[in-house]
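Remarks on the structure that follows.
The values are calculated or read from the model by the stated rules, or taken from the named source; none is laboratory data. Just so it is clear, the model here is predicted, and its values are computed rather than measured. In this analysis, Cβ positions are derived from the backbone assuming ideal geometry, glycine residues included, and neighbour counts consider all displayed protein chains. Side chains are part of the model used for accessible areas, which takes the heavy atoms of the whole protein and leaves out ligands, DNA and RNA. Shrake-Rupley method; radii C 1.70, N 1.55, O 1.52, S 1.80 Å.
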Amino acid sequence: MIPYSRQYLFPKDIKNVNKVLRSDYLTQGKEIPKFEKKISNFCKSKYALVVNSATSALHLTCLALGLKKKDYLWTVPITFVASSNCALYCGAKIDLVDIDKDTLNIDIKCLEKKLKIAKKRKKLPKILVPVHFAGNPCDLKKLSQLAKKYKFKIIEDASHALGSRYMDRNIGNNSFTDATVFSFHPVKSITSGEGGAVVCRDKKIYQKIKMLREHGIVKERKFFNLKKKDQPWYYEQQLLGYNYRMSDISAALGNSQLSSLKLFIKKRNKIAKIYEKKLNKKFISFQKIEKNSFSSRHLFIIKIAKKFYNKIFNYLRKNNIYVQIHYIPIYKQPYYKKNFNFNAKNYPNSEKYYSEAISIPIFFNLSVKKQFYVIKLINSFFSKYD
């Protein structure tokens with residue numbers, strides 16, 4: 001069986017984890033700050049905090065930006081549910097903006113139109129969560145211009161996009177946005193097992209996320225509300241926080257994997273170029289990546305006519321190609337259908353995408369032989385219709 005994606009571990013990765021397992025600290029040790037420093041250096045953003053998942057990172061960042069009851073968070077329908085669930089964790093409201101049919105990212109024209117209407121109705125978003133879908137960077141400059149005009153914050157959901165670049169800057173640079181969230185799930189650019197991170201430039205946001213990550217507790221004397229000079233054991237819980245910490249075991253794996261990131265991304269792009277060259281373009285179209293962008297190629301998505309969809313999906317699965325769909329539109333999920341009144345007609349591009357898109361295998365150790373087997377199967381399926 002060839003999966004759509006999977007992790008790859010080098011011997012050095014296992015060695016680094018074993019080193020921590022033999023150490024005195026399995027959590028709250030030296031690997032966490034080391035990993036955070038490496039991430040901030042790579043992104044060229046001032047602050048980085050690692051947590052136990054990208055979902056936690058989204059939740060904490062929303063809280064740090066002050067998202068609360070009656071506020072709105074906007075995101076796209078074609079994403080993992082965490083991109084919208086983070087608003088609900090804060091008691092806020094959620095709204096969706098359709099995707100662009102070519103880039104598969106947020107549709108800027110649709111967003112602008114929706115913002116004009118929302119301003120008249122006094123229902124503008126407090127936070128926008130654009131998703132760098134499959135690693136393809138959103139148009140951050142245009143989003144930033146709209147954020148200034150309509151006064152909302154931007155959290156980049158870059159769960160797919162560690163290693164992607166926009167205007168020759170690494171995603172996570174935060175030149176145009178307030179914060180960026182990454183995922184280190186096993187199918188992502190690098191893995192820490194489970195894990196995530198948030199990077200930002202604002203010290204106040206950083207400090208609040210850090211406190212919320214660790215039960216709302218502070219241990220640094222300079223941040224105490226009460227001065228306890230003679231009590232070295234003293235600490236304060238100042239907020240209702242969470243235990244969203246990453247373990248040193250996970251951070252050790254992440255640290256080691258990060259040194260291989262460029263190699264992983266290079267291989268994924270090589271695989272993508274072969275697909276784009278060899279697959280039958282009469283029946284298949286691909287995600288558009290703009291000239292000022294570089295994708296990490298977290299996913300490789302083919303779009304095919306709706307009439308072929310079920311047949312080719314089942315055909316590939318039967319031939320041991322574990323293709324997948326990323327994603328079912330959020331508004332189609334039972335929880336959202338029950339609790340919200342989203343109308344599918346308002347998201348024509350998302351509807352079309354869902355009826356056409358299939359994620360095919362792309363990962364570091366996908367061999368040329370196996371990739372050409374995938375290509376052969378797909379092209380042979382369409383040959384009878386040619």
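Just Asp178, Asp157, Asp102 to compare: in a GNM of the chain, with alpha carbon springs under 10 Å, which one fluctuates most?
Most flexible of the set in this elastic network: Asp102.
Which of these, Ala161, Ala134, Ala344, has the largest mean-square fluctuation under a Gaussian network model of the chain (Cα springs below 10 Å)?
Greatest mean-square fluctuation among the candidates belongs to Ala344.
Note down the net charge around Tyr331, summing +1 for each Lys or Arg and -1 for each Asp or Glu among other residues with Cβ under 12 Å from its Cβ.
It works out to a net charge of +1.
Counting only protein heavy atoms and using a 1.4 Å probe, what share of the accessible area of segment 139-200 belongs to carbon plus sulfur, as a whole percent?
Its accessible area is 44 percent carbon and sulfur atoms.
Would you compute, from DSSP H runs of 4+ residues alone, the mean residue ellipticity of the chain at 222 nm, taking -39500 (n - 2.57) per run and dividing by the full residue count, rounded to the nearest 500?
Calculated from helices alone, the mean residue ellipticity at 222 nm is -12000 deg cm²/dmol.
Rounding to the nearest 10 and keeping the result within 0 to 90°, find how far the Cα-based axis of helix 31-43 lies from the longest principal axis of the chain.
60 degrees
Write down the accessible area per residue of segment 83-195 in Å², having rolled a 1.4 Å probe over the full set of protein chains.
Computed with neighbouring chains in place, this is 38 Å² per residue.
Cα to Cα, under 18 Å, and not fewer than 8 places away if on the same chain: which aspartates and glutamates meet these conditions relative to Lys151?
Counting by Cα, and skipping residues close in sequence, Lys151 has these aspartates and glutamates nearby: Asp71, Asp95, Glu112, Asp139, Asp178, Asp202.
Would you mind working out the magnitude of the charge dipole of the chain relative to its Cα centre, with +1 at each Lys and Arg C-beta and -1 at each Asp and Glu C-beta, to the nearest 20 Debye?
800 debye
For Cα pairs less than 8 Å apart in space and 6+ apart in sequence, what is the mean separation divided by the residue count of the chain, i.e. the relative contact order in percent?
The normalised contact order for the chain reaches 23 percent.
Mind jotting down the distance between the C-alpha centroids of segment 365-386 and segment 12-75, whole Å?
One Cα centre to the other: 39 Å.
Would you mind classifying the chain by shape? Square roots of the alpha carbon gyration tensor eigenvalues, ordered a ≥ b ≥ c; an a/c under 1.5 is rounded, otherwise it is prolate if a/b is larger than b/c and oblate if not.
oblate
Considering only C-alpha atoms, what is the centroid distance from segment 245-278 to segment 94-144, in Å?
So the two Cα centres are separated by 28 Å.
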